[in-house]
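The values are calculated or read from the model by the stated rules, or taken from the named source; none is laboratory data. Just so we're clear, the structure is a prediction, and the values are computed from it rather than from any experiment. FYI the Cβ positions are ideal-geometry reconstructions off the backbone, even for glycines, and counts take in every protein chain you see. Only protein heavy atoms, including side chains, enter the accessible area calculation; ligands, DNA and RNA are left aside. Shrake-Rupley method; radii C 1.70, N 1.55, O 1.52, S 1.80 Å.
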Amino acid sequence: QNEINEVPFFDVQLPYELALKIFRYLGRAELGRCAQVSRTWKILAEDEVLWYRLCQEEGYLLDRSISDHPCWKLALKNCRARERTLKYNWKNRIGAVSQLRYELGKVLCDVHSCDGVVLAGYTSGEVRLWDTRTWDYTAPVLEAVQGPGDAGPRPHVSFVRINSSLAVAAHEDGTVSVWNVLLGREPIHHYQHNQRIQALALGPQGAAVATASGFEVKVESPDDRGFWHTTATFEIQKLVNFLDLVPDVTGSPVAVAAAEDIVYLLKAEDPGKILHSVYGQPVTCLDVSAQEAAFGIKTFGWLLNEPNQILLYNLETNQCLTKVGNSIGDFTCVNLHDSPPHMLVAGNKDRRVRVFDLRRGESVCSMCAHQLGVSAVQMDDWKIVSGGEEGLVCVWDQRMGTKLWEMHARHPVRHVWFNSHSLITANIPEERNPRGGSSTDDDPAVHRKYRGIIYSYEFSGEQLAGDSVLPICRSSYDEVTGYSYNIGLAVPYDSI
């Protein structure tokens, strides 16, 4: 569509396509300088192909094609401005916070989230689903399979997991229910273990579910026609403490199971593969990425002359790549799959959050975070969010190693998840049957503090009203009288 056939490059004339290939090696600043040379260079420097490529290289609008936007230079500018706004809101705690409500008399048992969709299980046996990407929070109940003898109260929910397409819940009696998040409330698959389930795993993508009960690990997945069946069953020598599915695996699902001091790599063709085993060094935490597995081991320090460490194994070669840590306390949580490339973040009982560079095998950042130990942690390229046993959620600046802000609730933080614009935390109580926690009590609202809580934080600039700092209510009244301590309070004539 451009009428220019040749572009003057000093003393030579180049075809437009050849000049465009030369300009493809330039960045934003260089293209801006070239646009000031002449009218011909300005047309060339603002070509949509160049700015579409820059937008894709910086990670913006990856799912769009070049014809989806009329001006890719403006699109890149808007994306960068939004990123700066989000980073400023994160650092200064500018946003909105909401609680995901539950009915009275139900104690929170487990929480998991994926891309802003939250799944929660309760002591009543109910499983609820929230979509925090919209402000009108609804909590539909995912119905369980009712048998002929299920007239009484349902057993507690032990574990819940969710990904982009499936939601899975495991109950105390060994039953496992699988729902399709997009289709509806009825389960699409249901199976039973004879004993209590000790671990539940669901991959970030795909439709494979793994459960560990007793000395057995079972993997369920659908076939090409959508019918679910048992893909593989593995017999383990010891009780499984941690279980995870390897993401992005073609063919049969691959699971990693930690049973006391043995770590298994469970494949259908090689069911008894031991990845790591050292007698007397139990595994304390586990996380798996597409090519690697990271887990913490507990040693006895002065007895074995070795402090507690985190081991990183390659899942293809089954070899240990590096050992990091050297801590006196036990590593309680580790996050590998959400961390930037060649980075790993871990929490420890010694109250510290540590960031490790796996290429150098050493710690690059260590922060004293929580008084009773770290229970959940996640990081990205510039910040860290950690949760502690005392109920504190802390947001850290990784480069500076300083705390930006914190929020506190009563119970230990068992789940932390965030993306560029939102944060979800869950405070889950240790006691499943607190005194007064039953719905038959005279005043169950008095004991609301014992039942756990889920918070959803939104830092997106286009959804904020005013410069409020985590408002407790979203007020529609614009007039400000006096100093409100940066909190948007609700008054009777507000629309909440």
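Under a point spin-label approximation (7 Å from Cα along Cα-to-Cβ), what is the residue 62-residue 405 distance to one decimal in nm? So the label points at residue 62 and residue 405 sit 2.8 nm apart. Candidate cross-link partners of residue 106 among the lysines, defined by an alpha-carbon separation under 18 Å and a same-chain spacing of 8 or more, comprise 449.
What's the extension gain from residue 319 to residue 239 if we count 0.36 nm per residue and subtract their Cα-Cα distance? Mind dumping the intermediate values first?
Values: separation 80, 0.36 × 80 = 28.80 nm, distance 2.38 nm.
Computed gain between residue 319 and residue 239 is 26.4 nm.
When both segment 76-103 and segment 249-267 are represented by their alpha-carbon centers, they are found 37 Å apart.
The heavy atoms of residue 26 offer some 50 square angstrom of accessible surface to a 1.4 angstrom probe.
What is the list of residues in segment 67-83 whose amide nitrogen lies under 19 Å from a point 7 angstrom out from the Cα of residue 48, following Cα to Cβ? Counting backbone N atoms under 19 Å from the label point, the list is 67-79. Taking 23 Å as the limit for the C-alpha separation, the pairs 218/298; 238/323; 349/403 exceed it in the case of 218/298; 238/323.
Nothing charged except the Cβ atoms of Lys and Arg (+1) and of Asp and Glu (-1): what's the magnitude of the dipole of segment 16-90 about its Cα centre? Round to the nearest 20 debye. List each step's numbers first, then the result.
On the way: 14 positive and 10 negative charges, 68 e Å.
My answer is approximately 320 debye.
Which FRET efficiency value, to the nearest 0.05, is calculated for residue 38 and residue 84 with the Förster distance at 35 angstrom and r the Cβ-Cβ distance? Spell out each step's value before the answer.
Working: r = 32 Å, r/R0 = 0.91.
For residue 38 and residue 84, the calculated efficiency is 0.65.
Listed by chain and number, the lysines placed with their C-alpha closer than 29 angstrom to that of residue 77 are 21, 42, 87, 91, 383; residues fewer than eight positions away on the same chain are left out. Put a dot 7 Å past the Cα of residue 133, heading toward its Cβ, do the same for residue 368, and the two dots end up 4.3 nm apart.
Taking H placed 1.01 Å from N in the peptide plane, check which residues at least 5 places from residue 285 or on another chain put their amide H under 5 Å from its amide H. Sorted by chain and number, the residues that satisfy this are 296. Summary of packing: across the peptides 249-261, 160-172, the per-residue average of other C-beta atoms within 10 Å ranks them, highest first, as 160-172, 249-261.
With a Förster radius of 41 Å applied to the C-beta separation of residue 359 and residue 449, the computed FRET efficiency comes to 0.35. Accessible surface for segment 16-90, divided over its residues, is 63 Å² per residue with a 1.4 Å probe.
Spin-label model, residue 182 to residue 9: label points 7 Å out along the Cα-to-beta-carbon direction sit 4.7 nm apart. For residue 175, the amide hydrogen comes within under 5 Å of the amide hydrogens of 193, counting only partners 5 or more places away or on other chains and with H modelled in the peptide plane.
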